[in-house]
Amino acid sequence: MLTSIEHDLSQLFGQAFASLDLPFELGSVQRSNRPDLGDYQCNGAMAAAKLGAGNPFVTAEKAVAALNDNGLIEKVDVVRPGFINVFVKADYLAAKLTNYGQDDSFGCQQDLAQTKVMIDFGGPNVAKSMHVGHLRTAIIGDSLQRIFRFKGYSVVSDAHLGDWGTQMGMLIEGLKKRQPDLVYFDENYTGSYPEKSPVTIQDLEVIYPEESGLCKTDPEAAEKARQATLELQNGRSGYRALWQHFVSVSIATLKRDYGELGVSFDLWKGESDADPFIPKVIAQLEQKQISLVDQGALIVPFRDEEGENIMPPLILRKSDGAVMYGTTDLATLYERVHDDNANLVLYVVDGRQQQHFKQVFAAADLMGLNANTEYEHSYFGTVNGKDGKPFKTRSGGVMKLHDLIQMAKDEARKKLAESNFGADFDAEEKEEIAHKVAIATLKFADLRNFRIKDYIFDLEKFSEFEGKTGPYLLMQVARIKSILRKAEEIDAKPGNLLDTSENERSLTFKLLEFPSALDKTVEKRAPHFLCEHLYNLAQEYSSFYQKQHIMNEPDKAKQESLLRLSQICLEQLETGLQLLGIETLERM
Ligand code: ARG
C-alpha cells in the first residue's frame with residue numbers, strides 16, 4: 001500500500017501526541033506553505049491549546065521529544081507560538097518517489113469497484129446539431145468519467161439523449177407536411193415499416209428550426225405538434241417507427257462530433273427509455289399522496305411545514321396527458337436507483353437547469369430514492385463571448401460545435417506555423433498535430449476554470465504556447481520526450497532514483513502531490529484541480545531542467561537518476577492529460 005508523506009508523518013506525530021494523552025488526530029501534518037522553513041508542518045499543539053493543553057510551544061516541544069525513532073525526518077523545529085516544522089530525509093523522499101513511480105496509478109487507485117457511479121452528461125438533442133452549449137458538458141463529463149474510473153469506481157456514462165419532448169411532434173408534423181403520403185402517417189396501416197430512413201440528418205436540421213419557429217407564432221401548428229408528441233408517447237406505431245429513424249440518423253452524426261472531441265459514452269439511452277418507468281413512478285407518487293391534481297395537471301408540490309410553497313411544483317403530466325422533461329428525469333433516476341443500483345448519480349448539466357434538478361431531486365427524496373443513492377447536479381457556468389454574453393457566431397447565430405472545432409483547428413495551424421513547429425513533418429503528421437492541439441486547446445481552456453464559473457471564449461489566448469494552456473502542456477510533454485530520446489542516442493537511460501538533491505526536491509514534492517490533487521478533483525467533481533497540478537508540474541520541470549544539465553552530467557548514476565525523474569514526470573503529465581481527455585504528441 002502506497003502511503004503519502006503526509007500520511008506517514010501524521011502517523012508519527014499522532015503517536016507522539018497520543019503518548020502525551022492528547023488526541024492522535026492532532027498529529028495531522030500538511031505540506032508547508034513556507035518551504036524555506038520546512039517541507040511539512042504540524043499545527044497540532046495550537047489545536048491542543050484550544051483543548052486546554054496549556055502553552056502550545058511547550059506542547060510542541062514535548063511532542064517532538066516524544067517522536068519515535070524513524071527514518072523520515074531530517075530536521076524538526078518548533079517555532080513560536082507552537083508550530084512544528086519538518087524537513088524530510090532525502091533518501092526517504094527518493095524511496096517514496098521510486099514506489100510511486102512504479103505504480104500504474106501513482107498511488108491514486110483504490111478499491112472502490114463496489115461503488116457504482118453513473119454520470120449523465122452530453123444530453124444532445126435529436127435532430128438538433130450540437131452547439132457551444134454542449135461543449136462544457138461533453139468536456140467536463142468525459143473528464144469526470146475518466147477520473148472516477150481511474151480512481152477505481154465502477155462508472156457508467158449515459159448520453160441521455162433528448163428524444164421525447166415536443167420537438168419530436170414538431171418533426172413529425174413537419175415531415176407530414178412535406179411528404180404526407182409516407183406510410184408512417186397512415187393510421188390504418190398494419191404492415192411493417194421500411195428499414196431505410198425517409199429522412200437524413202440534413203433534412204431534420206432543416207425541418208426542425210422551421211417547425212420550431214412556426215410553432216412560436218402559429219398556435220395551430222403548435223397544437224398539432226403537441227398532439228403528435230402525445231400520440232407518439234402513447235405509442236402510435238407509425239410515429240414510433242418514424243421517431244426511431246429520427247433517433248438513428250441523429251445518433252450517427254452525434255457520434256461523429258463526439259468522436260472528433262474524443263468523447264464516448266457507455267450508454268446511448270434517451271429520455272424515451274424512461275417511458276416504461278413513468279407509470280410506476282406516477283403510481284407510487286399518487287399512492288403515497290406526494291402528487292396531486294391541479295387544474296387537470298398532475299403535479300408534485302413542494303411545501304414547508306406551514307404549507308407554503310418553497311419552489312414551483314414539478315409537473316408530471318400536463319392536462320392533455322403529455323409527460324414533461326422533469327417526468328422523464330425522475331423516471332430515469334428511478335431506473336438508475338432500482339434497476340442499475342447506482343450509488344451516486346452525477347448530472348453534468350448547465351447551471352441554468354439548477355431549478356429543474358432541485359425539483360426532480362426533491363420529488364425523488366419524497367419517494368425515498370435517496371435511501372442508498374446520492375444524486376447531484378454537478379453544474380457548470382456559461383461560455384461567454386468577449387461582450388460577456390453567451391458565445392455566438394460573428395453574425396450573432398448559434399455556434400455549432402462542429403464549426404467551433406474547425407475554428408480551433410485553423411487557429412492551431414496558424415500558431416504552429418508561426419512558431420515553426422513541425423515545419424519539416426509530412427502533411428499527415430502536421431494535420432494530426434493540428435487536430436490534437438486544437439482539442440487540447442478547447443479542453444484545457446474549459447477545464448482549467450472551476451466548473452461553476454463562466455468563462456470568456458478567447459481562442460487566440462487559449463491557443464498560445466505560453467501560459468496556462470493546453471498547447472503549453474502538449475509542448476512540455478513533447479519536450480521531455482525529446483530529452484529522453486536524445487539521451488537514448490547517447491546511450492543514457494533512466495535508472496534508479498538517487499537521494500534527492502536540492503534541485504530535485506521541489507519537483508519530487510510536486511510529483512508526490514498527484515494523488516491529493518486527484519482526490520480533490522473527485523471530491524469536488526472539478527477537473528480544474530487536476531489542471532492546476534499538471535500546469536504547476538510542467539513549470540516545476542521546466543525550472544528543474546534549466547538548472548540541471550542532464551545531457552552533460554558527468555556522473556553516470558546521477559544522470560540515470562535525473563532521467564528517471566524526467567520519465568516519471570512525463571508519465572504523470574501524460575496520465576493526467578489523458579484524464580482530462582487530452583491526447584499527447586510524440587514530437588512537435
Ligand atoms: N437535452 C437537455 C438539453 O439540451 C440536456 C439533458 C441533461 N440531462 C438530463 N438528465 N436532464 O438541455
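Among (1) over 24 Å from Leu261 (Cβ atoms); (2) within 15 Å of the ligand (Cβ to nearest atom); (3) touching a residue at least 60 places away in the same chain (Cβ under 8 Å); (4) of a type in the set (S, T, N, Q), which single condition is Gln354 missing?
Gln354 satisfies every listed condition except (3).
Which one of Glu411, Glu418, Glu428, Glu374 is modelled with pLDDT of 95 or more, away from the ligand (no atom under 15 Å from the Cβ) and more than 30 Å from Phe148 (Cα to Cα)?
Glu411
Name the residues in segment 540-573 that are acidic (Asp, Glu) and within 18 Å of Phe509 (Cα to Cα), would you?
Within segment 540-573, Glu540, Glu571 qualify.
Take the residues of segment 336-351 that are within 23 Å of Ala138 (Cα to Cα) and either more than 13 Å from the ligand (Cβ to nearest atom) or not in a strand (DSSP E or B) (or both): which is most open to solvent (accessible area, probe 1.4 Å)?
Among those that are within 23 Å of Ala138 (Cα to Cα) and either more than 13 Å from the ligand (Cβ to nearest atom) or not in a strand (DSSP E or B) (or both), it is Asn343.
Restrict the check to segment 255-267 and report whether at least one residue is at pLDDT 95 or above, crowded, with 20+ Cβ neighbours inside 10 Å and among the charged types (D, E, K, R).
no
Given the residues Leu442, Leu474, Leu497, Leu447, which is the only one that is crowded, with 19+ Cβ neighbours inside 10 Å, more than 20 Å from Gly262 (Cβ to Cβ) and either in contact (Cβ under 8 Å) with a residue 60 or more places away in the chain or of a type outside the set (A, V, I, L, M, F, W, C) (or both)?
Leu497
Would you say Ile251 is closer than 25 Å to Tyr193 by Cα and either within 16 Å of the ligand (Cβ to nearest atom) or open to solvent by 20 Å² or more (accessible area, probe 1.4 Å) (or both)?
Spelling it out, Ile251 is indeed closer than 25 Å to Tyr193 by Cα and either within 16 Å of the ligand (Cβ to nearest atom) or open to solvent by 20 Å² or more (accessible area, probe 1.4 Å) (or both).
Could you tell me whether Glu25 is open to solvent by 50 Å² or more (accessible area, probe 1.4 Å), of a type in the set (Asp, Glu), touching a strand residue (DSSP E or B) at 6+ places or on another chain (Cβ under 9 Å) and free of Cβ contacts under 8 Å to residues at least 24 places away in the same chain?
Taking the combined requirement at face value, the residue does not satisfy it.
Only residues in segment 549-574 that are at negative phi and open to solvent by less than 60 Å² (accessible area, probe 1.4 Å) count as the first member; pair them with residues that are of a type in the set (Lys, Arg) and not in a helix (DSSP H, G or I), Cβ under 9 angstrom, at least 6 apart or cross-chain, and list the lot.
Between residues of segment 549-574 that are at negative phi and open to solvent by less than 60 Å² (accessible area, probe 1.4 Å) and residues that are of a type in the set (Lys, Arg) and not in a helix (DSSP H, G or I), the close pairs are Leu563/Lys493; Arg564/Lys493.
Can you find even one residue in segment 196-204 that is touching an Asp or Glu at 6+ places or on another chain (Cβ under 8 Å), assigned to a loop (DSSP other than H, G, I, E, B) and open to solvent by 10 Å² or more (accessible area, probe 1.4 Å)?
Checked segment 196-204: no residue is touching an Asp or Glu at 6+ places or on another chain (Cβ under 8 Å), assigned to a loop (DSSP other than H, G, I, E, B) and open to solvent by 10 Å² or more (accessible area, probe 1.4 Å).
Can you tell me which residue within segment 516-544, out of those that are more than 30 Å from His377 (Cα to Cα), hydroxyl-bearing (Ser, Thr, Tyr) and modelled with pLDDT of 95 or more, is surrounded by the fewest Cβ atoms within 10 Å (Cβ to Cβ)?
Here the answer is Ser542.
Take segment 353-384 and flag every residue that is assigned to a strand (DSSP E or B) and either polar (S, T, N, Q) or open to solvent by less than 70 Å² (accessible area, probe 1.4 Å) (or both).
Of everything in segment 353-384, those that are assigned to a strand (DSSP E or B) and either polar (S, T, N, Q) or open to solvent by less than 70 Å² (accessible area, probe 1.4 Å) (or both) turn out to be Tyr375, Glu376, His377, Phe380, Val383, Asn384.
Within segment 101-126, can you find the residues that are among the hydrophobic types (A, V, I, L, M, F, W, C) and more than 16 Å from the ligand (Cβ to nearest atom)?
Listed by number, the residues that qualify are Phe106, Cys108, Leu112, Ala113.
Check whether at least one residue in segment 185-192 is out of contact with any Leu (no Cβ under 6 Å at 6 or more places or on another chain), assigned to a helix (DSSP H, G or I) and of a type in the set (Phe, Trp, Tyr), and report yes or no.
Within segment 185-192, one or more residues are out of contact with any Leu (no Cβ under 6 Å at 6 or more places or on another chain), assigned to a helix (DSSP H, G or I) and of a type in the set (Phe, Trp, Tyr).
The values are calculated or read from the model by the stated rules, or taken from the named source; none is laboratory data. The structure displayed is predicted, hence computed values, not measured ones. Please note: Cβ atoms are built from the backbone with ideal geometry, for glycine as well, and neighbour counts cover all protein chains shown. Note: areas computed on protein heavy atoms with side chains; ligands, DNA, RNA excluded. Shrake-Rupley method; radii C 1.70, N 1.55, O 1.52, S 1.80 Å.
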